Amino acid sequence: MIMDSEGPAAGIAVLDIGGDTGAIQVMTDPSLLGREVHVTLDGTRSAAHAVVHRRPVRGGADHSALFPELPAGSYRLLAGGAAGRRVDVIAGEVSILDLR
């Protein structure tokens, strides 16, 4: 599914992490702009999705999908060429999964 990648979510992100909650930022190449990225918490049917946005950074822009509030645990990417890749969410931290 392709979504509108411009708008409020493409700018500054606000994270709700701490306690038992962390976040994942999935860095992608520009070809995934507007596409959904899905992750699932290992051992559950719990899944989440986020859209790849162009995000401003010093000196240019990056493309990433941001999961701003996830329970701590081990997650698996569900779709695309990187399906099956794992990333651990640590409470109070932002985990980076770089697919570039």
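Worth a mention:
- Average Cα contact separation per residue, the range 8-98, under 8 Å, 6 or more apart, as relative contact order %: 38
- Given +1 at the Cβ of Lys and Arg, -1 at the Cβ of Asp and Glu and no other charges, the dipole of the range 8-98 around its Cα centre is 280 debye to the nearest 20.
- Total formal charge among the other residues, if their Cβ is under 10 angstrom from that of Ile17, Lys/Arg +1 and Asp/Glu -1: -4
- Candidates per trypsin sites (Lys or Arg not before Pro) in the range 53-88, loop by DSSP, up to 13 other Cβ within 10 Å: Arg58
- For the range 31-79, a crude dipole built from +1 on the beta carbon of Lys and Arg and -1 on the beta carbon of Asp and Glu, taken about the Cα centre, is about 140 debye to the nearest 20.
- Available extension along the chain between Arg100 and His49 is 16.5 nm, counting 0.36 nm per residue and deducting the alpha carbon span.
- Listed residue (Gly81, Ser95, Gly43) projecting farthest to the positive dipole end of the range 8-98, Cβ model: Gly81
- Legend: ranking of residues Ile24, Ile17, Ile90 from fewest to most surrounding C-beta atoms inside 10 Å; resulting order Ile90, Ile17, Ile24.
- Stretch gain in nm, segment Asp42-Val57, where the contour uses 0.36 nm per residue and the Cα spacing is subtracted: 2.2 nm
Values in this text are rule-based calculations from the coordinates and carry no lab data. Being a predicted model, the structure only gives us computed values, none of them experimental. FYI the Cβ positions are ideal-geometry reconstructions off the backbone, even for glycines, and counts take in every protein chain you see.
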